[in-house]
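S.K.: The structure's right below; bear with me while I get my questions together.
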């Protein structure tokens, strides 16, 4: 059985790139294009991991990460932020928001998959 991953990104092209990489890596995906829809899909689908864009039309992935961490089971949820915010300061601030890891767009598919698998493995313990 494959791991279900929620991908939250308002940019349809990038969401498609992430979904394509995840499917190639053997993951099942569900999608959302904003914070509100992401939370709704999370509550309905109960994915085993989440990939969040840093900037969303109704907030950002950092805030959604904090909300997801407060959901039942959220403290064990692997969360990967995938954003264009790539300066040293932004990465440090992003990691302080509570995700397991941080990937800067544009990314290499192999790096995305490796970081997600690492986050999933780390949360299993």
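S.K.: Mind telling me which of the residues 91, 50, 103 ends up being modelled with pLDDT under 95 and within 11 Å of the chain's Cα centre (by Cα)?
M.R.: Numbers: 91 fails: within 11 Å of the chain's Cα centre (by Cα); 50 fails: modelled with pLDDT under 95.
None of the others qualify; the one that does is 103.
S.K.: Whether any residue in the stretch 114-125 is at pLDDT below 90 and surrounded by fewer than 14 Cβ atoms within 10 Å (Cβ to Cβ) is what I want to check. Give the derivation first.
M.R.: Kept after step one, since they are at pLDDT below 90, are these residues of the stretch 114-125: 123-125.
This time we only want the ones that are surrounded by fewer than 14 Cβ atoms within 10 Å (Cβ to Cβ), so: 124-125.
So far as the stretch 114-125 goes, yes, one or more of its residues are at pLDDT below 90 and surrounded by fewer than 14 Cβ atoms within 10 Å (Cβ to Cβ).
S.K.: With the checklist (1) more than 21 Å from residue 2 (Cβ to Cβ); (2) out of contact with any helix residue (DSSP H, G or I) (no Cβ under 9 Å at 6 or more places or on another chain); (3) in contact (Cβ under 8 Å) with a residue 24 or more places away in the chain in hand, flag the one item residue 119 doesn't pass.
M.R.: (1)
S.K.: Residues that are buried (at least 16 other Cβ atoms within 10 Å of the Cβ), over 12 Å from the mean Cα position of the chain (by Cα) and either more than 16 Å from residue 115 (Cβ to Cβ) or in contact (Cβ under 8 Å) with a residue 24 or more places away in the chain (or both): does the stretch 2-10 have at least one?
M.R.: Scanning the stretch 2-10, I find at least one residue that is buried (at least 16 other Cβ atoms within 10 Å of the Cβ), over 12 Å from the mean Cα position of the chain (by Cα) and either more than 16 Å from residue 115 (Cβ to Cβ) or in contact (Cβ under 8 Å) with a residue 24 or more places away in the chain (or both), so the answer is yes.
S.K.: Report, by residue number, each residue of the stretch 48-60 that is under 14 Å from residue 9 (Cβ atoms) and surrounded by 21 or more Cβ atoms within 10 Å (Cβ to Cβ).
M.R.: Restricting attention to the stretch 48-60, the residues satisfying the condition of being under 14 Å from residue 9 (Cβ atoms) are 50-60.
Correct list: 50, 51, 52, 53, 54, 56.
S.K.: Testing residue 29 on (1) in a strand (DSSP E or B); (2) within 10 Å of the chain's Cα centre (by Cα), one condition comes back false. Which one is that?
M.R.: (2)
S.K.: Would you check which residues across the stretch 62-116 are in contact (Cβ under 8 Å) with a residue 12 or more places away in the chain, assigned to a helix (DSSP H, G or I), under 22 Å from residue 2 (Cα atoms) and touching a helix residue (DSSP H, G or I) at 6+ places or on another chain (Cβ under 8 Å) and list them?
M.R.: 68, 76, 109, 112, 113, 116
The values are calculated or read from the model by the stated rules, or taken from the named source; none is laboratory data. Since this is a predicted model, take the numbers as computed values, not measurements. Virtual Cβ from ideal backbone geometry, glycine too; neighbours counted across all protein chains shown.
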